[in-house]
Amino acid sequence: MTIHPWPIAVLLSFSLSLELPHQTLAQSELTGQAYINWYQDKFLGGGKRQSYTPEEIVPIKEAEARKDDRAVVRGCDEVLKRDPKLFYSLPMADWVKSLAYIERGWAQYRLTKEPKYVIEDEEKAAEFGNLTAMLDVIDKMLGKYQGNESAEFIDASPLEHYLRIGAELGNSEAARMLGTSLWPNPLTDAEKAYWALVAQGATNEESGFLWDYTIHNRYELVNQNDLESVISRLSPLGGLTPHGPHNLPGRGIAATFFADASLRREYGFNFGKRAPATRDASPDALEIYKFHRAVADLIGRADAYLLVPGSRTFADSHMISMNTQELSGLLSPSDVVVVRCGPLTHMVMVYKVNRKASTVSFVDGLFEFWQPSHNSCITTFDLAPFKYGGYLATVPLADILPMIQEVITYRDRAYEHPAKSAGPNYVTLSQFEHSEFFDYFRVSEVVEKDVGPDEKIVRYMTGAFQNKIFFSMKTDHRFRIQEALLSIDRDWVGEESQTNPLANDLVKSFVVAVTPASSADRSRPAAQAIWKSQAQVPCGSDSDSTVSEAFFGKVDRCVIPLASGNLVFANLKDPYFDRALHVIVTTSPSPGAFKR
Amino acid sequence: MTNPPDIGSETSKERFRISWTHPVTLIVLTTLVSAAGWFVNRVVTRRDAVRAENMRAQKQTALAAESRSDLRMQVEDLSQAIPLIAKSPPVFSGEPVFCDTARMTLIVAHNGKGSVPVLVNDIAVKVESVAPSVPEKIDCAVDTLASKPFGIVERDLYIIDVAGNRVSGQYIRSKKPGEAFPINPQNILQTTRAQQAISLKPAEEPTGYSVSVVAASPGLYRVWFTADYDTSGPKTAKTESFLIAK
């Protein structure tokens with residue numbers, strides 16, 4: 001098997017259980033996490049990446065095992081001086097040399113006790129795209145900024161350069177650091193926002209909180225236009241993607257960052273890649289698609305669509321047949337393509353489409369497939385150095401098109417929530433998304449995550465003051481809102497003497513939008529009280545406090561019983577703010593029971 | 001004219017009457033019986049010897065025929081390389097049709113009889129166009145979603161492309177750069193780098209060539225292999241044919 005769900009598997013492995021809870025089911029019946037587990041277990045060695053030692057490094061390792069560091073240095077020097085053409089391939093020459101640098105640096109350190117040898121050689125290895133070396137260099141340079149005495153000798157000024165190497169190669173930690181101000185970061189706010197979102201773009205977390213938090217804050221710092229502009233400049237995707245034919249969605253911000261991060265990770269993963277010697281168990285094209293889709297679903301930033309050349313009909317609306325011309329127009333970076341020439345079948349990720357030159361460039365550590373000597377469908381092939389020791393395989397678009405078996409493309413999630421009414425005791429997501437509140441505050445959905453067999457959290461963002469306002473809905477599988485939570489920066493709400501009319505309007509409208517019809521007569525007075533800053537609406541029949549006192553932070557908590565559930569105002573510290581105002585409408589008897 | 005003396009007829013007859021008990025008569029008789037026995041015995045023995053000789057000659061002839069060295073060439077494990085959408089494999093005039101790409105092992109071996117090596121000079125791919133386009137009743141749509149992306153893993157793979165009247169191919173020794181060569185379809189043993197005849201000895205394991213035949217342009221084709229070889233004189237062998245379509 002050739003590609004390359006490894007980067008995704010590696011990404012997931014830290015957080016996914018490798019147990020197979022549904023082993024009794026046929027794989028065709030599995031979905032989501034269960035499918036990912038099945039796939040990893042069957043095709044990816046249980047999610048564990050297999051490593052190997054290149055032949056050139058074996059004698060060096062043997063010398064190291066004999067504790068003969070002088071022989072290690074001699075061996076490394078020989079490998080580093082060797083003509084790249086004498087290696088299996090030019091990409092492999094870069095990779096092996098990066099390993100030799102690391103080995104040499106440490107051997108020289110052991111001989112001299114001079115730590116400078118390690119960082120000097122690791123910097124060279126990082127230039128060849130070696131992530132292990134890059135991470136060590138970054139760690140040492142950050143240590144310098146943090147005042148670590150052992151890092152005193154280090155020149156940390158090139159930190160940005162090495163963070164960029166890491167970020168280009170899909171390391172989320174390096175991208176995250178490029179987005180912070182924890183070091184003298186010269187990047188613009190827009191660039192920082194870009195890298196921060198790349199760092200979060202394809203990482204898995206259970207509830208989607210981090211992605212929600214990051215995107216709110218970055219949107220507040222840079223507006224949508226600036227963000228789109230920096231995506232056009234820095235992302236290998238070259239910008240957002242318009243929708244396509246046959247109801248194929250486009251790629252907005254969230255899906256673009258997911259695709260961007262996936263592509264960078266794939267690029268980094270292909271360094272030193274080597275094909276297995278034998279045909280191991282390999283998934284078929286449909287299984288590969290289902291895996292990508294399950295991962296996209298799990299992470300919740302994008303959806304995976306399958307484009308198939310021809311006129312075959314599929315019951316699944318995510319599987320779309322189209323003609324080759326349409327496919328040609330849609331092919332874009334981060335698309336996973338399965339291609340075939342006679343008996344030779346291969347899978348690869350698109351890095352670049354040059355429509356002017358009519359070429360496609362792939363991230364492909366297993367470039368051998370494209371050699372015209374081996375592949376009669378290919379007329380010309382170029383393996384050219386790209387960034388940091390990596391190579392791209394470039395072939396004519398016209399050669400590729402007849403070979404395409406399927407294209408997996410990441411697109412916007414179609415947050416389709418059934419428009420059905422759920423009766424007077426519930427507000428559905430669809431009703432909320434068609435409310436005056438939703439429209440007036442220019443609300444958009446940020447992320448939707450399954451957090452249990454019958455639990456889903458949907459997070460939203462307003463069109464302005466994104467870092468002041470966070471809200472989310474907890475629903476059941478029928479998209480009936482069980483709990484609506486609005487968290488606002490307490491300081492932004494203001495005091496009774498100096499109110500923020502926008503905050504008043506927002507809270508009032510939110511309460512109205514998410515309260516079921518059966519409870520409207522009980523919540524409406526509270527909403528009016530907030531809107532008019534009146535204090536006469538009590539918090540329940542046996543409370544001395546009023547809604548306005550809670551709204552302005554004079555009391556910690558105010559609970560108004562509804563027909564089923566409660567309307568709650570609470571002042572507290574939460575993950576978003578040190579001082580937050582929570583407005584919660586529940587339709588279950590236990591308010592605040594849901595973890596966010 | 002004078003008359004012979006009358007010596008009396010009765011007396012003469014008596015004179016020549018055989019005396020069976022006379023010793024001479026007994027000796028003559030036993031001699032005659034022995035001679036007859038010897039003659040019969042000789043005739044029978046000679047007949048048996050001739051028969052045995054004939055049988056031996058026949059046996060030797062048969063043995064000689066059986067032990068003649070020859071080439072064994074056949075297509076084995078012929079299969080559809082890419083799964084089809086149709087559940088049942090297509091058939092044309094009662095014969096199975098392979099679609100797009102057929103995978104097989106071409107076995108070339110000494111027949112194991114006789115001691116003379118077989119020298120294979122060439123192996124040719126023969127293609128005959130059966131129809132310029134695939135007959136409507138043949139559903140050759142391949143299931144692209146069932147293809148398994150392995151890249152290039154196998155070594156020593158022959159790929160034969162059939163496109164109308166044009167047949168081309170390449171030999172992939174391994175996936176490494178520089179390890180694949182175009183081949184001459186009239187002799188797949190001949191690459192741009194070298195031509196090699198192969199010598200097959202009786203005790204050797206059969207040589208199996210991994211071959212994929214690809215219908216690279218629309219049509220229905222009949223494909224088979226022939227081999228020119230030498231074993232006590234030039235000969236030609238051919239495999240059974242199969243149909244492939246696109």
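Only the Cβ atoms of Lys and Arg (+1) and of Asp and Glu (-1) were treated as charged; on that basis the dipole of the protein assembly as shown about its Cα centre amounts to roughly 2800 debye.
Against chain A, whose longest principal axis comes from its Cα atoms, helix A:253-269 is set at around 20 degrees. A simple spin-label model places pseudo-atoms 7 Å from Cα toward Cβ; at residue B:57 and residue B:88 they are separated by 5.9 nm. Please give the helix A:32-43 orientation as an angle from the longest Cα principal axis of chain A, in degrees from 0 to 90, rounded to the nearest 10. So the helix axis and the longest Cα principal axis differ by about 10 degrees. Remark: region A:31-93 carries a charge dipole of roughly 120 debye about the Cα centre, counting +1 on each Lys and Arg Cβ and -1 on each Asp and Glu Cβ.
Looking at region B:79-130, which trypsin sites (Lys or Arg not before Pro) are in a loop (DSSP not H, G, I, E or B) and have at most 12 other Cβ atoms within 10 Å? Display every interim value, and only then the final one.
On the way: sites: B:87, B:103, B:113, B:126; in loops: B:87, B:113.
Listed in order of number, the matching sites are B:87.
Mind putting a number on the dipole of region B:97-150 about its Cα centre? Charges go on the C-beta only, +1 for Lys and Arg and -1 for Asp and Glu, and I need it in Debye to the nearest 20. All intermediate terms of the calculation are to be shown ahead of the outcome.
Numbers: 5 positive and 6 negative charges, 62 e Å.
Rounded to the nearest 20 debye, it is 300 debye.
In region A:394-512, Cα pairs under 8 Å separated by at least six residues give a relative contact order of 17 percent.
Measuring r between the beta carbons of residue A:415 and residue B:196 and using R0 = 45 Å, the FRET efficiency lands at 0.10. Calculated [222 nm] ellipticity per residue, helices only, for chain B: -7500 deg cm²/dmol; basis is -39500 (n - 2.57) per DSSP H run with n ≥ 4, divided by all residues, nearest 500.
Helix A:90-112 and the long axis of chain A differ in direction by around 90°, with both axes built from C-alpha atoms. Projecting the Cα positions of B:49, A:135, A:308 onto the charge dipole of the protein assembly as shown (unit charges on Cβ atoms of Lys, Arg, Asp and Glu, taken about the Cα centre) puts B:49 furthest along the positive direction. Taking 0.36 nm per residue of separation and subtracting the Cα-Cα distance, full extension of the segment from residue A:233 to residue A:543 would add 105.9 nm. Taken along the Cα-to-beta-carbon direction at a fixed 7 Å, the label points for residue B:141 and residue A:499 span 6.5 nm.
Filter the cross-link list A:42/A:273; A:140/A:449; A:192/A:356; B:126/B:246 down to pairs whose alpha-carbon distance in this structure exceeds 26 Å. Before the final figure, lay out the partial values.
Working: A:42/A:273 20 Å; A:140/A:449 37 Å; A:192/A:356 31 Å; B:126/B:246 17 Å.
Pairs exceeding 26 Å: A:140/A:449; A:192/A:356.
Considering only A:385, A:73, B:88, the residue lying farthest towards the positive end of the dipole of the protein assembly as shown is B:88, judged by Cα position with unit charges set on Cβ.
Obtain the nm distance between the two label points defined at residue A:42 and residue A:223 by a simple spin-label model: each point lies 7 Å from its Cα along the Cα-to-C-beta direction. Placing both labels 7 Å beyond Cα along the Cβ direction yields 5.1 nm.
In the protein assembly as shown, with Lys and Arg counted as +1 and Asp and Glu as -1 at Cβ, which of these residues, B:233, A:575, A:255, has the Cα nearest the positive end of the dipole, that is, farthest along it? Projecting each Cα onto the dipole axis, the largest value belongs to B:233.
Would you work out the relative contact order for chain A, in percent, from Cα pairs under 8 angstrom that are 6 or more residues apart? Don't skip to the end; give the middle numbers.
Working: 1119 pairs, mean separation 60.7, N = 596.
Rounded, it is 10 percent for chain A.
Coordinate-derived values only; no laboratory data. Since we're looking at a predicted model, the values are computed, not measured. When we count neighbours, we look across all protein chains shown, and the Cβ atoms used for this are built from the backbone with ideal geometry, even at glycine.
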